[in-house]
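The next block holds one structure in the form of structure tokens; read it before the comments.
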Amino acid sequence: MLLAIPLLVVPVVLYNIVVLTGLTGPAGQIGAASDAGLREPLFSVSMASGAQWGVGAGDLILLLGLVLLFFELLKSTSSQRLAIVNHALSMVLFVICLVEFLLLPGFATSTFFLILTMVLLDVLAGFIVTIVAARKDFDVNRNH
């Protein structure tokens, strides 16, 4: 049953922890302070051009989200009953993220919007892949 849990819940939970606990800004200040904290570089990488690439907590959460989105898309190709539960839970996660984005000040950031978009893509891809796979199964059975 744990396989049915959407992997994208990890970056959403990480973002919630970072923003709601005030790890990225002054305690009790959610909103602009948390957005600035997410953009604050944790480390920097020297590029061949001589420029410094600053990587912040928000960037790392987004990177993790993109990697997990790839694995979610792979999971969506399964037409097992577990995949249907995963699609439903992904939809619930999307609704939770949308409510947070619209109603909570610390979540009205570009970082969280991109996480929200990844969750939406997971929902759409999951349903589309399931429908296409079911249609092919139906066509194959009809030809026999």
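For this structure, a couple of remarks:
- Ranked packing of 88-94, 65-71, 48-54, most packed first, by mean Cβ within 10 Å: 88-94, 65-71, 48-54
- 14 Å beta-carbon shell around L120, net charge (K/R +1, D/E -1): -3
- Backbone phi angles across segment 128-133, fed through the Karplus curve with coefficients 6.51, -1.76 and 1.60 (θ = phi - 60°), yield HN-Hα couplings of 5, 5, 5, 5, 5, 5 Hz in residue order; Gly and Pro are listed as x.
- For G56, the residues 5 or more places off, or on other chains, whose built amide H falls under 5 Å of its own are L42.
Here, each number is a calculation from the coordinates, and none is a lab measurement. What you are looking at is a predicted structure, and each value in this text was computed from that prediction instead of being measured. For neighbour counting, all protein chains shown are included, and Cβ atoms are generated from backbone atoms with ideal geometry for every residue, glycine included.
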